[in-house]
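Worksheet: one structure, shown below.
The values are calculated or read from the model by the stated rules, or taken from the named source; none is laboratory data. Keep in mind that what you see is a predicted model, and the values were worked out from it rather than measured. When we count neighbours, we look across all protein chains shown, and the Cβ atoms used for this are built from the backbone with ideal geometry, even at glycine. Just so you know, the surface numbers come from the protein's heavy atoms only, side chains and all, with ligands and any DNA or RNA stripped out. Shrake-Rupley method; radii C 1.70, N 1.55, O 1.52, S 1.80 Å.
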Amino acid sequence: MTKNTTHTTYTKKGAAGAAAQEGARVTGTVLVTSGTGKTGRRVAERLAALGVPVRAGSRAGEVPFDWQDESGWAAALDGAEAAYVAYYPDLAVPGAAGAMAAFGRVAAASGLRRVVLLSGRGEPQATVAEEALRGACGEAGLTVVRSAFFAQNFSEGALLDSVLGGELVFPAGLTAEPFLDIDDLADVVVAALTEDGHAGAVYELTGPRSLTFEEAAAELGRAAGRPVRYVPVSGPAYAEVLEGFGVFGPEAGFLAELFATLLDGHNSATTDDVKRVLGREAKEFTAFTREAARDGAWHG
């Protein structure tokens, strides 16, 4: 376990079955910020399957929500009981703490009762943003979900092209990471949004096993049916790689520095918080790769 983590033991059977479980409590309308993103889309789908009214907020969607434009936040929150907060691009960026404080004030004024915040595991700057939201959201019960590196970054995220190209270029060295399946994260978020007992908790979510990026590349290659080789690079070298893919210079530098900081070994340990919340083990990385291959993630 890592420091500053609040752990509570649960015997729940997972978000998908929570509504049917006697005593489970489903909330009213839930605002899902970044509702078309990797995590927001999954959370919205699960809430809808449980019969929970959902507002999927996005910059161009039916429910306008833009982290750069506070003017639309009150309308998006009007009448909502709970919100899933996924800040773009990352809670560690400059200005994130200010945005969280501003959102918290609007949420408190709207009468929001529950807030679940997606955060980064082992990110000191993200912790500052967490505290800014906690201090501003008033009576709303805040649950913080700190996530390890998403397994889906290899199948539908920034590293998909690298896997397809056979070279996984990344500044992780020999560090092991307990990759987390986003489906597990979404189930935990939905549980925190729809069940009692999670307010004030801080969950650190990981997969059940830590792998180096070299080991992950080998598993990805086996599942994809093509060789995938890990190529370790320095942070500055990775920033140049990102710029080659069209990422703006300062953003490329920030991302490269963030990855190098997070993947220095301090996040390598696994936790059992997925099991504590859902009552089942987190998904294995091997299971993720097989499912992604079955679904055609690497047919390109």
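Couple of notes before you dig in:
- DSSP-defined antiparallel bridges as percent of all bridges, the chain, nearest 5: 10 percent
- Length available on full extension from residue 71 to residue 59: 0.36 nm per residue minus the Cα-Cα distance, which gives 3.1 nm.
- Using alpha-carbon coordinates, inclination of helix 124-136 to the longest axis of the chain, degrees: 10 degrees
- Radius 14 Å from Cβ of residue 168, net charge of other residues (Lys, Arg +1; Asp, Glu -1): -3
- Options (1) 27, 25, 20; (2) 31, 22, 18; (3) 41, 24, 17 - which one matches semi-axes √(5λ) of the Cα gyration tensor in Å as calculated here: (2)
- Charge sum, other residues only, whose C-beta stays under 11 Å from residue 211's C-beta, Lys/Arg counted +1 and Asp/Glu -1: -4
- Peptides 62-70, 230-238, 121-129 ordered by average Cβ neighbours within 10 Å, highest first: 121-129, 230-238, 62-70
- Charge dipole (debye, nearest 20) of the chain; +1 at Cβ of Lys and Arg, -1 at Cβ of Asp and Glu: 720 debye
- Tilt relative to the chain, helix 96-110 - C-alpha long axis, 0 to 90 degrees, to 10: 30 degrees
- Cα gyration tensor shape of the stretch 64-148, rounded if a/c is under 1.5, else prolate or oblate by comparing a/b with b/c: prolate
- Total formal charge among the other residues, if their Cβ is under 15 angstrom from that of residue 234, Lys/Arg +1 and Asp/Glu -1: -4
- Accessible surface area normalised per residue over the stretch 221-264 is 58 Å², counting heavy atoms of protein chains with a 1.4 Å rolling probe.
- Across the accessible surface of the chain, with the other protein chains kept in place and a 1.4 Å probe, carbon and sulfur atoms take up 52 percent.
- Alpha-carbon centroids, the stretch 133-173 and the stretch 54-99: separation in whole Å: 18 Å
- Between the helical axis of 213-224 and the longest alpha-carbon principal axis of the chain there is an angle of about 90 degrees.
- Cα-projected label distance for residue 161 with residue 215, points at 7 Å along beta-carbon direction, nm: 2.9 nm
- Probing with 1.4 Å while keeping every protein chain in the model, the per residue accessible area of the stretch 150-193 equals 23 Å².
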